[in-house]
Amino acid sequence: MGRASAGKKVARAAATGGGRSSRGKTPVGWYTTMAVVVVLGVTAVAFSRYERSHLPPATPPTFTDHWHEAVAFDICGKIQANLPQPTNLIGIHTHGDGLIHVEPQSSADTGTNATLGRFASGYPGLGLTSTSLHYPGQRTWTNGDKCGSIPGKVQLKTWSSLVDQKGTLVTGDPRKLRTVNGALLTIAFVPPGTNIPKPPSAANLAHPNAAGTPTAPAPGAPAPPTGAPGTPAPGTPAPGTPTTPSTGAPAAPNSGAPAMTSPGTPPAGTPVGPPIPAPTTGAPGNSSPAPTTGSPPAP
């Protein structure tokens, strides 16, 4: 029993390398690992908060923006009617006032995505490329088609603001042209070198949320009234002029009461002239009536 117990102790000491048992060692590696994990976690949290508080400014337009850009279509020198408001509105649309309204509703309408191509994608029948233009209700115009006897091509011209008189011709893909708040844009199919005018709807930029009127009436629409604003229509009485009753209105019934007259005024129908004296009925003091027949008495 003594030898067996001593042998076990020797074997145990050999297994531990002759030193203290593993149960008595300090786990330095574990503490080191946990310290590294804590430091890395604290650093990550601090960096995340810093990045969140120092976000780069978003590229406009953003969800809080509401932009307006005047737009017109010129086909062979004729300005087309303003596009009417479509049934379904995306974040870049029109209300029939000749303006492009940029009111982002999704990321497809914000930043660099706010383009002319995005506007065209939300308008049925509107097609636009660098070589063709399809205005709703018309044929597709392709580069080389003639305006009269001269070949035309798709051209775009922009003005940065109302005061910009020179303008700039756009090159490249027109669908990538970004919208600009307060700018003017004319999409044209005309012969090269043709003077491209500003959009007539540029005046609506001053009141972009007012109801718009097309620059040209739609086919079959009644013509607008002529004359200066505020001018009454023919036959309309001027302000302050008393109106007369209709000739077909019945007269007021006669109640039979005598007409009211001023004091001292004789009733209607009374002869005008000196008063006629009443006939003498007899001598003073004589109550007998005067004779009505016979000759007058002799003197």
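Computed from the coordinates by the stated procedures, all read-outs in this text should not be read as laboratory data. All values derive from a computational prediction rather than experimental measurement. Here the Cβ positions follow ideal geometry from the backbone for every residue, glycine too, while neighbour counts run over all protein chains shown.
Given a Förster radius of 41 Å and the C-beta distance between residue 87 and residue 49 as r, what FRET efficiency does 1/(1 + (r/R0)^6) yield to the nearest 0.05? The partial results should precede the final answer.
Details: r = 46 Å, r/R0 = 1.13.
That gives a FRET efficiency of 0.30.
Would you list, by chain and number, the aspartates and glutamates whose Cα falls below 19 Å from the Cα of residue 78, excluding same-chain residues fewer than 8 positions away?
Cα-Cα hits under 19 Å: 97, 145.
Spin-label point model (7 Å from Cα, Cβ direction): what's the residue 138 to residue 65 distance in nm?
3.0 nm
Please compute the net charge surrounding residue 85, taking Lys and Arg as +1 and Asp and Glu as -1 over other residues with Cβ under 14 Å from its Cβ.
Details: positive: none; negative: 97, 103.
Computed value for this residue: -2.
Once you place label points 7 Å from the Cα toward the Cβ at residue 131 and residue 38, how far apart are they in nm?
Here the answer is 6.9 nm between the modelled labels.
Report the net charge of residues surrounding residue 190, where surrounding means a beta-carbon distance below 13 angstrom and charges are Lys +1, Arg +1, Asp -1, Glu -1. Please list the in-between numbers first.
Details: positive: 78, 146, 153, 157; negative: 74, 145.
Around residue 190, the surrounding residues sum to +2.
Excluding residue 114 itself, calculate the net charge of residues whose Cβ lies under 14 Å from the Cβ of residue 114, where each Lys or Arg counts +1 and each Asp or Glu counts -1. Could you put the intermediate results ahead of the total?
On the way: positive: 118, 175, 176, 178; negative: 65, 69, 103, 109.
Its environment carries a net charge of 0.
Residue 82's amide H: which non-local residues (gap 5+, or another chain) put their own amide H closer than 5 Å, with H modeled 1.01 Å from N in plane and none for Pro or chain starts?
Excluding prolines and chain starts, which carry no amide H, the hits are 215, 216.
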